[in-house]
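Take a look at the following structure, please.
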Amino acid sequence: MSEGLEQFNPAWNSNSSRLFYTPPEMIKSNFLHILESGKFYAEPGYFTERSDVPSYLCFYTIRGEGILKYQEKTYNLSANSLFFIDCQLAQRYEIKQNCNLWEFDWLHFYGVGAENYFNLFFNDKNPVINDLQQADIPLLIENLIFTTDISSTNQTELTTHLQLHELLTLLLKDKENTGFSNIQSTNSDMEKVKQYIDYYFTAEITLSSLAMLVAINKYQLCKDFKKHYSITPIDYLIKVRVNQSKKLLIETKLSISEVAKEVGIINTTHFINLFKKKNNLTPLQYRKIWG
């Protein structure tokens, strides 16, 4: 993990583990990736204080109690609570007074899409979920810690990328007032899916994650969404992204690759091909005509 400003008191017992990982440049440029992970059994006196570290931290309390100080606010941490923060901003977390043991798992990660997920999560300026409802979240964190501790291959890198996206999607679903509250309550699950795409098209969205949002299988989702809107969910997502890219091509001087990333498409070649298929023009040709 890149060095920033960090101080800590290593008051943890011998059962604790801390794992470091340096991903290849190709992974860092194109995928979500883990930088550091671990499990601590912290004892009285433990604290960590840092800032200016380019990573995001997902931190889950298993038992015991701690305190997080972040953005000039203080948050109590207890069993089954989780916080998600940007480590470039000043933070301090420590074991609570009169607590003899604070057990927690954590992941430091970074990569394409991480900032979008964090901005959605931190929409209400609260980095903490006090009582997780999604039972899969602690299991995913454990799996990702285990993944950090095995030899890197293309397969494990891809698995890590996908599991991080799944974890972050579940965090958004679990978080109160994270922006999901901006989606109006309606009797139509399909309207909820449509509004979710409209709000969060820049994030990593899959058919499975959309199906999870309304608790139906992805095949039924395709069928019902097309019945309502005469288009599949993924085709609608593509339509929203392409329309937004047109606006960026006309109104900004962003490069084609930057425009692609701004609308949630990592692969520039894929974006160009997709844009041309929908408009019979490449993005550059479109900009020359309309920009």
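The rows are residues; the columns are (1) hydroxyl-bearing (Ser, Thr, Tyr); (2) on the phi > 0 side of the Ramachandran plot.
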residue	(1), (2)
GLN7	no, no
SER14	yes, no
LEU19	no, no
PRO24	no, no
HIS33	no, no
SER37	yes, no
TYR41	yes, no
PRO44	no, no
ASP52	no, yes
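Right, something else. Taking into account only those residues within region 17-44 that are of a type in the set (Gly, Ala, Ser) and surrounded by fewer than 17 Cβ atoms within 10 Å (Cβ to Cβ), which is farthest from GLU166 (Cα to Cα)? Give the derivation first.
Step one: filter region 17-44 for residues of a type in the set (Gly, Ala, Ser), giving 17, 29, 37-38, 42.
Still in the running and surrounded by fewer than 17 Cβ atoms within 10 Å (Cβ to Cβ): 17, 29.
Details: SER17: 24, SER29: 19 Å.
Among those that are of a type in the set (Gly, Ala, Ser) and surrounded by fewer than 17 Cβ atoms within 10 Å (Cβ to Cβ), it is SER17.
Looking only at region 252-291, which residues are without any contact (Cβ under 8 Å) to a residue 12 or more places away in the chain and either farther than 25 Å from GLU204 by Cβ or among the β-branched types (Val, Ile, Thr) (or both)?
Within region 252-291, THR252, LYS253, THR269, ASN280, LEU281, THR282, GLN285, LYS288, ILE289 qualify.
Hey, any hits in region 21-41 for a residue that's at pLDDT 95 or above, more than 21 Å from the chain's Cα centre (by Cα) and either in the same structural domain as GLU72 (by TED's automatic domain parsing) or farther than 27 Å from TYR117 by Cα (or both)?
The answer is yes; a qualifying residue exists.
Let me ask you something else. Is it the case that ILE266 is surrounded by 13 or more Cβ atoms within 10 Å (Cβ to Cβ), at pLDDT 95 or above and either in a helix (DSSP H, G or I) or not assigned by TED's automatic domain parsing to the domain that holds THR169 (or both)?
So ILE266 fails the test.
Per-residue answers, yes or no, for (1) in a strand (DSSP E or B); (2) in the same structural domain as PHE122 (by TED's automatic domain parsing); (3) in contact with a Gly (Cβ under 7 Å, 6 or more places away or on another chain):
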residue	(1), (2), (3)
ARG18	yes, yes, yes
CYS58	yes, yes, no
THR61	yes, yes, no
THR74	yes, yes, no
ASN80	no, yes, no
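Within region 38-56, work out how many residues are of a type in the set (S, T, N, Q), in a strand (DSSP E or B) and touching a Cys at 6+ places or on another chain (Cβ under 9 Å). It would help to see each step written out before you state the result.
Within region 38-56, the first condition is being of a type in the set (S, T, N, Q), and the residues that meet it are 48, 51, 55.
Filter once more, keeping what is in a strand (DSSP E or B): 48, 51.
From what is left, the residues that are touching a Cys at 6+ places or on another chain (Cβ under 9 Å) are 51.
Residues in region 38-56 being of a type in the set (S, T, N, Q), in a strand (DSSP E or B) and touching a Cys at 6+ places or on another chain (Cβ under 9 Å): 1 in total.
What are the residues in region 114-140 that are in contact with a helix residue (DSSP H, G or I) (Cβ under 7 Å, 6 or more places away or on another chain), closer than 25 Å to GLY264 by Cβ and not in a strand (DSSP E or B), if any?
Within region 114-140, TYR117, LEU120, PHE121, GLN134, ASP136, ILE137, LEU140 qualify.
I've got another one for you. Does TYR229 satisfy the condition of being crowded, with 17+ Cβ neighbours inside 10 Å and on the phi < 0 side of the Ramachandran plot?
No; evaluated as a whole, the condition is false for this residue.
Okay, residues lined up against (1) over 16 Å from the mean Cα position of the chain (by Cα); (2) surrounded by fewer than 20 Cβ atoms within 10 Å (Cβ to Cβ); (3) modelled with pLDDT under 95:
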site: GLY66; (1), (2), (3): yes, no, no
site: SER78; (1), (2), (3): yes, yes, no
site: PHE83; (1), (2), (3): no, no, no
site: ALA90; (1), (2), (3): yes, yes, no
site: TRP102; (1), (2), (3): yes, no, no
site: GLY111; (1), (2), (3): no, no, yes
site: PHE122; (1), (2), (3): no, yes, yes
site: GLN133; (1), (2), (3): yes, yes, yes
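Report every pair of residues separated by at least 6 positions or lying on different chains whose Cβ atoms are under 7 Å apart, first residue within region 146-162 and modelled with pLDDT of 60 or more, second exposed (fewer than 11 other Cβ atoms within 10 Å of the Cβ).
Cβ pairs passing all conditions: THR156/ILE150.
If you don't mind, there's one more thing I want to ask. Condition (residue is among the polar types (S, T, N, Q), more than 24 Å from the chain's Cα centre (by Cα) and in the same structural domain as PHE271 (by TED's automatic domain parsing)) applied to region 209-231: is it met by at least one residue?
Within region 209-231, one or more residues are among the polar types (S, T, N, Q), more than 24 Å from the chain's Cα centre (by Cα) and in the same structural domain as PHE271 (by TED's automatic domain parsing).
Could you please let me know if VAL53 is modelled with pLDDT under 95, surrounded by 21 or more Cβ atoms within 10 Å (Cβ to Cβ) and either over 21 Å from the mean Cα position of the chain (by Cα) or more than 17 Å from ILE141 (Cα to Cα) (or both)?
Numbers: modelled with pLDDT under 95: yes; surrounded by 21 or more Cβ atoms within 10 Å (Cβ to Cβ): yes; either over 21 Å from the mean Cα position of the chain (by Cα) or more than 17 Å from ILE141 (Cα to Cα) (or both): yes.
So VAL53 fits the description; yes.
The values are calculated or read from the model by the stated rules, or taken from the named source; none is laboratory data. What you see is a predicted model, and the numbers here were worked out from it, not measured in a lab. Because the Cβ atoms are built from the backbone with ideal geometry, glycine has one as well, and the counts that use them run over all protein chains shown.
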